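Below is one structure; the comments refer to it alone.
The values are calculated or read from the model by the stated rules, or taken from the named source; none is laboratory data. Since we're looking at a predicted model, the values are computed, not measured. Virtual Cβ from ideal backbone geometry, glycine too; neighbours counted across all protein chains shown.
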Amino acid sequence: MDALFIEEGRYTQDTRPIRIDTPLGKDVFLLRHFRGQEGYSQLFQYDVDLLSHKRDIRAEDIIGESVQVAIGADGGAPRVFSGHVSYFESTGLEKRGLYGYKAVLVPWLWFLGKNTDCRVFQNMTAPKILEAVFTEAGFSDFRFTGLYNEYPELEYCVQYRESDLNFALRLMEQEGIYFYFEQAQKRHMLILADDKSTNAFMEPRKIEHSSRPRNGDYIQEWRRSYQYFSGKWALSDFNFEKSDQSLLAECSALNELRGASAYERYDYPGAFGDQDRGRRLTKLRMEEEESRFTRVSGKSNLPHLLVGRKFMLESEECATDNRKNFVVTAVRHYAYEGGYTSADSPESAGKEKSVYFNRFECLPDNVSFRPALSTPKPRIDGVQTAIVCGKSGDEIYTDEYGRIKVQFHWDRYGERNENSSCWVRVATPWAGKKWGSMGIPRVGQEVVTTFLEGDPDRPLVIGGVYNKGNMPPYSLPDNKSRFGVKSQSTKGGQTSNYNEISFDDKKGEESLNIHAEKDFNMEVKNNIGANAKGHSTSSIGGNASDSVAGNSSLSVGGDHSVAVTGKQNVSITGAQTHSVTGAQTLNVGADQTESVSGNITQTATNQTLNLSADHTISATNQKINLGAAHEVNASSQKFTISGLQTTQADAQTVTVTGKSTTTATEIDLAAGGNISLRVGGTSIQINDGGVTITIGGSSIKVDGAGVSVSGPMIKLN
């Protein structure tokens, strides 16, 4: 007869208050046990024990599907629980030819735990990030209900090697957003809220409490508990753009608890960059702390006790809570439907009593619920490398702080541009107030990054590494003794365009090399000292200019040669002295011009001036003082004097082997003693006494006494 009942499918849930509906068809499954838990900021889970007349139900046909459990209420609409099958198990043959199965029902949000990712969200508020996570996963059954808090844009928020679910949960916990689910026919809606004012009353609005058994739906147990809490929360952080400001934020409990103010919870870093944000986060942590102070737990047979809804308690036994409002924060459901395997016939099956009750938790409706920071945030305790990136066409992309953008290797969504990351600070060996070292990593370089406090949201570049695409500047291992810094010209520079300071420590070949691609500028505010034990060579392709404000001294132990292919100009404002211990030779291939505004004084033991051509001296005044003889040998000599010429000597001899011509408008000869003119045996003598002209044996003498003429013959006309 059992087989007949099974074949005809006469087992039905139609008259049963506890039942299940699945995509496999009506009454394919019969619900025997139901255990479920749901609450604020937690994923519900419903465990169901099932019976079926089918023994070959495939898991592929039911797992992942949406099913619905209904628990009837006396005289009212049933309470529905919808969820997706995440686990399915066949337990074998039960009594009366029925087969046993187990299943677990979860919300759609549970599936986000099956998707892990690494990605970056930039300049988005927390609600917008959550919306993006949900919709990109293909879900739309969610609603933000009355978000009253302000949510600033998060500059950089990283999901790192974690599930979408983990990421969403910790983001909500960080921002003080709690969630729960509203159940409906064959669907459930995720509700996200941040304020107690969004809590609506359930139906019935008033619920009675009685510790004595009675008919109908009522609360059977009511327990109030209290827990000590810290009376103060404090958070702090550091913002390099406000490095001189303290970001310490503090918040005290709203409710006074004796002695609690002596205890403070302090944490760092608080994950904020300004005090307004810090005060809000500190307030959230204080509300979380304070919400633990009082809790109510109880037991009821009300399947319509809904998480996120409030009710008014009517209790003569709990006078302090009577007619006060409470918000349901968690419920654990228990239901059992008997008779499927114990009845003698299908007609009698179901007459056994069905059982339902729940245990719940609630808060006074004037207490703000905040989720605890229980979901772990991924940490990056080591270092990673990343590729520097920036705007298209830029070789160096930075801001006023020397920060850069990078593309992490794990970021498969980044496009290797200026949007691949937030601005990332770059560590340097020295960083002071307008002093220190600076070397901005360039686009395409591979850099080493660490993360402050291991936080993926707070990267910091600490160095760079070479790779196959970016090889070292010196070929290795041949140049393993080289050390230095070599840059490359930008924009558009090639490997041959660079500045460099390098050392070679190879024994016997040690060297220091400096290369400037264009200009080399050096400023020394005090002394420069250079000591070369060997040779010094300077080669300048263009012009050279030295400016010395003070004195300049050059000491050469050996020879000193200066070779000038073009012209040489020496300009000396003051005096110039040349001291030559040995001989001095001046060779001038062309003309030589000396212009002296003052006097020229030359002192020599002997002076020889050899001129192969003309020698011209032009002077306003010229004076030559010779301590010894002065000899001039020239093929010809010409003096051109525009003014007066005066020659003064103790004695003077002019010897002309050829013709001597003196041409003047006037000639004036003055002598203190005699003036003698001689040509052969003829002479003219002029002295203070007179003039005597002598020609052979004849003479003419003119003096103050008269004229005397003597000779062999005197002719007078």
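Is it fair to say L169 is outside any strand (DSSP E or B) and either in contact with a His (Cβ under 9 Å, 6 or more places away or on another chain) or surrounded by 20 or more Cβ atoms within 10 Å (Cβ to Cβ) (or both)? Yes; evaluated as a whole, the condition is true for this residue. Identify, please: which residue in region 255-264 is of a type outside the set (D, E), surrounded by fewer than 18 Cβ atoms within 10 Å (Cβ to Cβ) and out of contact with any helix residue (DSSP H, G or I) (no Cβ under 7 Å at 6 or more places or on another chain) and is, among those, nearest to V424 (Cα to Cα)? Among those residues, the one meeting the criterion is Y263.
Only one of these is among the β-branched types (V, I, T) and over 30 Å from G493 (Cβ atoms): V383, V367. Name it. Spell out how you get there, then give the answer.
On the way: V383 fails: over 30 Å from G493 (Cβ atoms).
Matching residue, one of V383, V367: V367.
The set of residues from region 441-461 being aliphatic (A, V, I, L, M) and buried (at least 18 other Cβ atoms within 10 Å of the Cβ) comprises V443, V447, V461.
How about region 98-125: which of its residues are within 30 Å of R58 (Cβ to Cβ) and buried (at least 21 other Cβ atoms within 10 Å of the Cβ)?
Pass one, region 98-125, residues within 30 Å of R58 (Cβ to Cβ): 98-116.
Listed by number, the residues that qualify are L98, Y101, A103, L105, P107, W108, L109, L112.
Taking the criterion of being touching a Phe, Trp or Tyr at 6+ places or on another chain (Cβ under 8 Å), modelled with pLDDT under 95 and part of a strand (DSSP E or B), the residues of region 188-206 that qualify are F201, M202, P204, R205, K206.
Inside region 258-277, can you point out the residues that are under 15 Å from Y151 (Cβ atoms) and not aliphatic (A, V, I, L, M)?
Of region 258-277, the ones under 15 Å from Y151 (Cβ atoms) are 271-274, 276-277.
Within region 258-277, F272, G273, D274, D276, R277 meet the criteria.
On the given criteria, is T692 β-branched (V, I, T) and in a loop (DSSP other than H, G, I, E, B)? Outline the logic, then answer.
Details: β-branched (V, I, T): yes; in a loop (DSSP other than H, G, I, E, B): no.
No.
Taking the criterion of being crowded, with 16+ Cβ neighbours inside 10 Å and either within 57 Å of the chain's Cα centre (by Cα) or assigned to a strand (DSSP E or B) (or both), the residues of region 7-32 that qualify are I18, R19, I20, D21, T22, L30, L31, R32. In this structure, I501 does not qualify as within 20 Å of the chain's Cα centre (by Cα) and not in a loop (DSSP other than H, G, I, E, B). Condition check for E337 on (1) crowded, with 18+ Cβ neighbours inside 10 Å; (2) modelled with pLDDT under 90; (3) in contact with a helix residue (DSSP H, G or I) (Cβ under 9 Å, 6 or more places away or on another chain): one failure, at (3). Number of residues in region 403-416 that are surrounded by 16 or more Cβ atoms within 10 Å (Cβ to Cβ) and farther than 18 Å from F451 by Cβ equals 1.
In this structure, T449 does not qualify as part of a loop (DSSP other than H, G, I, E, B), outside the structural domain of A271 (by TED's automatic domain parsing), over 23 Å from I514 (Cβ atoms) and within 15 Å of the chain's Cα centre (by Cα).
Could you check region 507-528 and list, in sequence order, the residues that are part of a loop (DSSP other than H, G, I, E, B) and surrounded by 12 or more Cβ atoms within 10 Å (Cβ to Cβ)? Across region 507-528, the qualifying residue is only E517.
S297 meets all of the listed conditions (1) in contact (Cβ under 8 Å) with a residue 24 or more places away in the chain; (2) in a loop (DSSP other than H, G, I, E, B); (3) surrounded by fewer than 16 Cβ atoms within 10 Å (Cβ to Cβ) but one, namely (2).
In this structure, Y218 does satisfy being over 30 Å from Y401 (Cβ atoms), surrounded by 12 or more Cβ atoms within 10 Å (Cβ to Cβ) and not assigned by TED's automatic domain parsing to the domain that holds A77. Being loosely packed, with under 10 Cβ neighbours inside 10 Å, farther than 29 Å from N531 by Cα, out of contact with any strand residue (DSSP E or B) (no Cβ under 6 Å at 6 or more places or on another chain) and of a type outside the set (A, V, I, L, M) is a condition met by at least one residue of region 570-581. Condition check: surrounded by 15 or more Cβ atoms within 10 Å (Cβ to Cβ), over 20 Å from F179 (Cα atoms) and among the hydroxyl-bearing types (S, T, Y). Does S86 satisfy that? Considered against the rule, which asks whether it is surrounded by 15 or more Cβ atoms within 10 Å (Cβ to Cβ), over 20 Å from F179 (Cα atoms) and among the hydroxyl-bearing types (S, T, Y), S86 comes out as yes.
Scanning region 235-254 for residues that are surrounded by 13 or more Cβ atoms within 10 Å (Cβ to Cβ) and either assigned to a strand (DSSP E or B) or in contact with a helix residue (DSSP H, G or I) (Cβ under 7 Å, 6 or more places away or on another chain) (or both) returns L235, D237, L247, A249, E250, C251, S252, A253.
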